[in-house]
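Read through the structure below, which is laid out as structure tokens, and then see the notes.
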Amino acid sequence: MMYEILEHIIEFKRDEIAVTKKLVSLGALAEISYKLGRRDFVSALRRNLKFGTPAIIAEIKKASPFTDLVRPDYYPKEIALSYQFGGAVCLSVVTDEQFCQGCPQDIIDVRHSADLPVLRKDFIVDLYQVYESSAIGADCILLNPALLDDVQLNEFESLANDLCMAVLVEVQTPQELERALHMKTPLIGLNNRNLTTLKASIETTLRICDQVPDDRIVVSEAGITTPNDVSRLREAGINSFLVGDDLMRAEFPGWELEKLFFKA
């Protein structure tokens, strides 16, 4: 069922991109893309990891295709500042409009508000979106082997690197991990959400993380809801995390982040 939803999302995104290309040409977008400066996403994570401190990518999103509305009172700039003060080292901004109620403008706003590197999280299925990500100021993009074949993964990564953006490749199975390890990126995201049950459990990370080489950075994503979850992951050698849903449901997301990672 969930893979049928992913197929629907891919089909919709391709139609959406076809319309967008008529409004802003690829050439115009590419010209903007090569002119913008970047914040070093990977280095921001490594600075904390060097000292054994949690390296947190805090997510900003209004809704999810899997869990529906997450935060009705959605003010990305204020949330970004809250996360920065709460101890995040990077931000993840969900820009999909149809399924997550976000938009590319959210990244522009967040970059003006906070000083942290920004990941664009979207359903990226076309090279046009890589140029677009650069043009709106993303420092990193998310690529998903469930949406792309191996040729696309490497082509999209190569373009992102040419545009001075990092890549976080997100996997859910050992098979996807094997494909991801053929890429150059050091950032391997282990998504804890089961696409069949929609439930998230850190057991996914704990089960797969040993298969990731030491020269890569494992980012555990989703299902990290208690200090005990954080402790178990850290005991397994995981110190980089992408968290969002529970933080976004809290009245003060940055304070919730601080309690989860630094107040135990």
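Tell me what the chain gives for mean residue ellipticity at 222 nm when only DSSP H runs of n ≥ 4 count, each as -39,500 (n - 2.57), the sum divided by the residue total, rounded to 500 deg cm²/dmol. If you can, show how the numbers build up before the last one.
Numbers: 12 runs with 119 residues, N = 264.
So the calculated ellipticity at 222 nm is -13000 deg cm²/dmol.
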- [ ] Using the Karplus curve 6.51 cos²θ - 1.76 cosθ + 1.60 with θ = phi - 60°, work out ³J(HN,Hα) for each residue of the range 34-51 in order, rounded to whole Hz, and write x for Gly and Pro.
- [x] 7, 9, 8, x, 10, 9, 7, 5, 5, 5, 4, 5, 5, 4, 6, 4, 4, 9
Task: Amide H contacts of G102 (H built 1.01 Å from N, under 5 Å, at least 5 apart or other chain) - done: D96, E97
Task: Within a Gaussian network of the chain (alpha carbon springs, distance under 10 Å), most fluctuating of S25, S92, S64 - done: S25
TODO: Taking H placed 1.01 Å from N in the peptide plane, check which residues at least 5 places from I60 or on another chain put their amide H under 5 Å from its amide H.
DONE: S92, V93, V94
Task: Nonlocal amide H pairs with I141, under 5 Å, H built at 1.01 Å - done: R120, A166, V167, L168
Open item on the list: If I take every Cα pair under 8 Å that is 6 or more residues apart in the chain, average their sequence separation and divide by the length, what percent do I get for the relative contact order?
Closed with: 20
- [ ] Work out the count of Lys pairs in the range 2-262 where the Cα-Cα distance is under 24 Å, with the pair 8 or more places apart or on different chains.
- [x] 27
Task: DSSP beta bridge pairing in the chain, given as percent antiparallel to the nearest 5 - done: 10
- [ ] Kindly write out, for the range 105-115 in residue order, the coupling ³J(HN,Hα) from the Karplus curve 6.51 cos²θ - 1.76 cosθ + 1.60 (θ = phi - 60°), rounded to whole Hz, with x marking Gly and Pro.
- [x] 4, 4, 5, 4, 5, 5, 5, 6, 8, 10, 9
Task: Translational diffusion of the range 2-262, µm² s⁻¹ [Kirkwood Rh, Cα pairs; Stokes-Einstein; 37 °C; 0.692 mPa s] - done: 180
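Coordinate-derived values only; no laboratory data. This one's a predicted model, so the numbers in the text were calculated from it and none came from an experiment.
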